[in-house]
Amino acid sequence: MDRNPFSYALGRALQALRRDQGIRGSGDLAEKLGISATTYRLIEAGRASLPAHCVPPLAEVLKVDLARLATLASVAAALEH
């Protein structure tokens, strides 16, 4: 899947937020979200969309506003199709 600029920007933002929270590996975060580490790495690379069921726990772990994260994820997913 090709990455669109918005998905790439979302992925980079997620990566920065993860690191800001001191979460080094994406595998730990992926496990908390119930997805594979590979899938999460693809999300951070802008090559996969963030599944809707992952938005609430991701917002909680990354300490970011749920509405803002949900909006960003929805727009990125819509632009992929």
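The values are calculated or read from the model by the stated rules, or taken from the named source; none is laboratory data. None of these values were measured; they are calculated from a predicted model. Backbone-built Cβ (ideal geometry, glycine too); neighbour counts: all protein chains shown. We work out accessible area using only protein heavy atoms, side chains counted, and drop any ligands, DNA or RNA first. Shrake-Rupley method; radii C 1.70, N 1.55, O 1.52, S 1.80 Å.
Considering only protein heavy atoms and a probe of 1.4 Å, how much of the accessible area of the range 2-70 is carbon and sulfur, as a whole percent? C and S fraction of accessible area: 51 percent.
Once C-alpha pairs closer than 8 Å and six or more residues apart are averaged by separation and normalised to the residue number of the range 21-77, the relative contact order reads 26 percent. Using the average count of surrounding beta-carbon atoms within 10 Å as a protection proxy, the listed peptides 32-45, 52-65 rank, highest first, as 32-45, 52-65.
Distance between the pseudo-spin-label points of Ile23 and Thr71 (7 Å out from Cα toward the beta carbon): 2.2 nm. Using all pairs of distinct alpha-carbon atoms, the Kirkwood hydrodynamic radius of the range 1-47 works out to 10.6 angstrom. Taken over the chain, the percentage of Cα pairs per 5 Å bin, counting from 0 up to the bin with the maximum distance, is 3, 18, 30, 30, 16, 4, 0. Solvent exposure of the chain amounts to 59 Å² per residue of accessible area, where only protein heavy atoms count and the probe is 1.4 Å.
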